[in-house]
Amino acid sequence: DQVVLQNVSFRVPKGAFLGIVGPSGAGKTTLMRLMCGWLTPTSGDVIAPPVGEFAYVPQDLDASLNPAMRVGDIITEPVAIANGDMAAAVARIPELLRTLGLPADAAGRFPRELSGGQRQRVGIARALIAEPIVVYADEALSALDHTARELVIELLQAPGMTTILVSHDLPAAEKLSDRCIIM
């Protein structure tokens, strides 16, 4: 057995923006999966928000966007799974698309009809549609041009929302975050 993380301890205050930075293989994604409750630590405790109160933007976004579904359905899928208010979620799509700089007709398209940066923004819209308390974003800014990056940063810094951003980009993480964990 290989030990990926050892003697890690920290608290994230509500509404904070935490950056987790380090090279590939340092354990950033493993730490994030522990925080989501998807992995169980071999020792110690992880106190995380319950399912439904957090959203996750994966590093491998294309694997999480069903190519057979239209973008609008992809965005609202988490609400449908949680048996949430679908009418409110559908009504929120145009605002999210506009805020993320996506074309108004993007909801009717398939992921393959969008650029990589646009697909990244669809993944972020999917994470934000249910208005989570905590957003875990694994390399969420990596495929974005400067303009899209600024739009996403503004959304991830929403008042009252706790954001945990995994990144290879130390200067960006330091600029955005209240504090950073360097692995």
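The values are calculated or read from the model by the stated rules, or taken from the named source; none is laboratory data. Because the structure is predicted, anything quoted here is derived from the model rather than measured. Neighbour counts are summed over all protein chains in view; Cβ atoms, including those assigned to glycine, are modelled from backbone coordinates with ideal geometry. The area values use the complete protein model at the heavy-atom level, side chains included, leaving out ligands, DNA and RNA. Shrake-Rupley method; radii C 1.70, N 1.55, O 1.52, S 1.80 Å.
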Test for residue 93: is it touching a residue at least 12 places away in the same chain (Cβ under 8 Å), aliphatic (A, V, I, L, M) and surrounded by 17 or more Cβ atoms within 10 Å (Cβ to Cβ): yes
Filter result (under 23 Å from residue 111 (Cα atoms), of a type in the set (Asp, Glu) and in contact (Cβ under 8 Å) with a residue 40 or more places away in the chain) within the range 38-90: 62, 77
Residue check for residue 58: surrounded by fewer than 20 Cβ atoms within 10 Å (Cβ to Cβ), under 20 Å from residue 119 (Cβ atoms), at pLDDT below 90 and of a type outside the set (Asp, Glu): yes
Restricting the range 119-150 to residues that are of a type outside the set (Ser, Thr, Tyr), surrounded by fewer than 21 Cβ atoms within 10 Å (Cβ to Cβ) and over 17 Å from residue 55 (Cβ atoms), the residue that is modelled with the lowest pLDDT: 143
So residue 100, is it in contact (Cβ under 8 Å) with a residue 12 or more places away in the chain, touching a helix residue (DSSP H, G or I) at 6+ places or on another chain (Cβ under 7 Å), open to solvent by less than 10 Å² (accessible area, probe 1.4 Å) and not β-branched (Val, Ile, Thr): yes
Qualifying positions in the range 14-48 - at pLDDT 85 or above, assigned to a loop (DSSP other than H, G, I, E, B), under 15 Å from residue 163 (Cβ atoms) and open to solvent by less than 80 Å² (accessible area, probe 1.4 Å): 15, 16
Condition check for residue 150: among the acidic types (Asp, Glu), free of Cβ contacts under 8 Å to residues at least 40 places away in the same chain and at negative phi: yes
Residue in the range 63-79 that is outside any loop (DSSP other than H, G, I, E, B), closer than 28 Å to residue 182 by Cα and either modelled with pLDDT of 90 or more or open to solvent by less than 60 Å² (accessible area, probe 1.4 Å) (or both) present: yes
